[in-house]
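Each reported figure results from applying straightforward, stated rules to the coordinates on display, with no laboratory input. All figures in this text were calculated on a predicted structure; none of them were measured in a lab. Glycine gets a Cβ as well: all are built from the backbone with ideal geometry, and neighbour counts include every protein chain shown.
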Amino acid sequence: MIVRPYEPGDAARWDEHVARCPKGTVLHTRRFLGYHRDRFEDASLVVQDGGKWAAVMPAARVDGVVVSHPGATFGGVLVPKHANARAVDEALAAIRAHLAGRAEALVLGLPPSHVADQPEETDLHACWRAGGVLERLDLWSVVDLRAPMKTDLRSAKKGRLQGVCARPEEEEEAYVELHEILCENLEAQHGVRPVHTVEELLDLRERLGESQELWVARDADGRMVAGSWLLQHREGAWHTQYLACAPAGRALRAQDVLMHELVLRFAEADERTLSFGACTEQGGREVNDGLLTFKTKFGAGAATAARFRFSL
């Protein structure tokens with residue numbers, strides 16, 4: 001196999017390859033990663049078997065280490081559907097050989113299993129057998145929309161009785177309004193800002209088109225009291241990239257109304273999974289029990305996302 005750096009002229013073929021991979025998501029596409037082109041030193045690789053693309057690895061270089069692209073939630077080594085486990089082994093071995101002497105280490109953040117359109121964890125098994133050190137394991141809350149767990153509807157019912165309603169919105173003003181709530185929440189709780197500026201959020205809205213949606217909850221007077229910006233990881237698999245509740249929305253149970261409405265509407269639309277994100281902290285070693293319990297109210301089960309480190 002031949003391993004070479006990604007080149008801008010590869011963009012269309014790269015995205016075609018990602019679409020053929022069981023764990024390929026919108027976060028792996030160049031239309032998403034291209035948004036980060038000026039923020040990180042791209043170190044993405046293409047693995048070829050002759051003229052055939054055997055695998056791709058979205059990555060960046062950070063302090064001498066090649067890591068699954070920091071601009072995305074996860075990366076990994078993507079091989080096409082129906083490729084056997086040996087294909088992952090060979091691609092990973094080729095990538096490590098290529099990087100030897102070019103980087104200090106390789107860090108792979110694997111996509112969680114629920115994003116795949118078929119049972120697929122050969123990457124997890126391949127990393128373990130290749131001697132990768134498991135340095136992080138996050139616990140994600142995920143609703144199987146085809147057979148959700150029993151939900152607790154009391155809090156959402158209380159919110160609706162107080163006039164809260166949730167629906168999708170497309171106007172730019174709604175994105176700006178949600179970003180303001182995000183900024184207030186993160187500053188108050190953690191003293192930080194959102195990963196994306198409002199300009200960047202609007203840029204991603206344009207880049208991703210129908211692969212993203214904004215849902216908001218408004219009170220009886222029409223004020224936004226909660227909201228979520230969602231990404232469609234792949235067909236049938238959605239993720240709440242941002243969830244935020246304004247102070248005025250807490251007593252109104254606005255976030256409960258919003259999350260319950262998301263589960264109902266996405267299930268009605270025959271979507272497959274809805275992820276509410278990770279419930280772990282401190283490198284994955286601590287579970288935020290309150291957050292996990294809250295998300296479980298809406299029918300969420302649990303999935304894991306692993307990160308491995310390879311010395312080179």
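Descriptive notes on the structure:
- Note on the stretch 16-107: with charges restricted to the Cβ of Lys and Arg (+1) and Asp and Glu (-1), its dipole about the Cα centre is near 280 debye.
- Cα-centre dipole for the stretch 226-271 with unit charges at Cβ (Lys and Arg positive, Asp and Glu negative), debye to 20: 280
- Here is the result for the stretch 127-210: no chymotrypsin sites (Phe, Trp or Tyr not before Pro) lie in DSSP coil with at most 12 other C-beta atoms within 10 angstrom of their C-beta.
- Rounded to the nearest angstrom and listed largest first, the equivalent-ellipsoid semi-axes of the stretch 265-312 from its Cα gyration tensor are 27, 17, 6.
- Over the chain, relative contact order from alpha-carbon pairs under 8 Å, at least 6 apart, %: 23
- Counting only whole DSSP H helices of the chain, there are none at least 30 Å long by C-alpha along their axis and with mean Kyte-Doolittle hydropathy no lower than 0.5.
- Here Kirkwood radius over Cα pairs in Å was calculated from the structure, and among (i) 20.4; (ii) 19.7; (iii) 21.3 it sits at label (i).
- Mean shadow area of the stretch 5-146, taken as a quarter of the surface of its Cα convex hull (nm²): 9.0
- When each of His98, His260 is scored by the number of other beta-carbon atoms lying within 10 Å, the sequence from fewest to most is His98, His260.
- Here Lys157 is the anchor, and the lysines within straight C-alpha reach of less than 18 Å, apart from those fewer than 8 places off in the same chain, are Lys295, Lys297.
- Lysines with Cα under 18 Å of Lys52, excluding same-chain neighbours fewer than 8 positions away: Lys81
- Size-normalised alpha-carbon gyration radius of the stretch 146-271, reference 2.2 N^0.38 Å: 1.04
- Overall, the stretch 157-213 carries a charge dipole of about 600 debye about its Cα centre when +1 sits on the Cβ of Lys and Arg and -1 on the Cβ of Asp and Glu, all other atoms neutral.
- Projected label distance in nm at Ala105 and Arg207, using a 7 Å step from Cα toward the beta-carbon: 2.7
- Ranked for footprinting exposure by Cβ neighbours inside 10 Å, fewest first, Asp123, Asp138, Asp15, Asp49 give Asp49, Asp15, Asp138, Asp123.
- Sum of -39500 (n - 2.57) over DSSP H runs of 4+, divided by residues of the chain (222 nm, nearest 500): -9500 deg cm²/dmol
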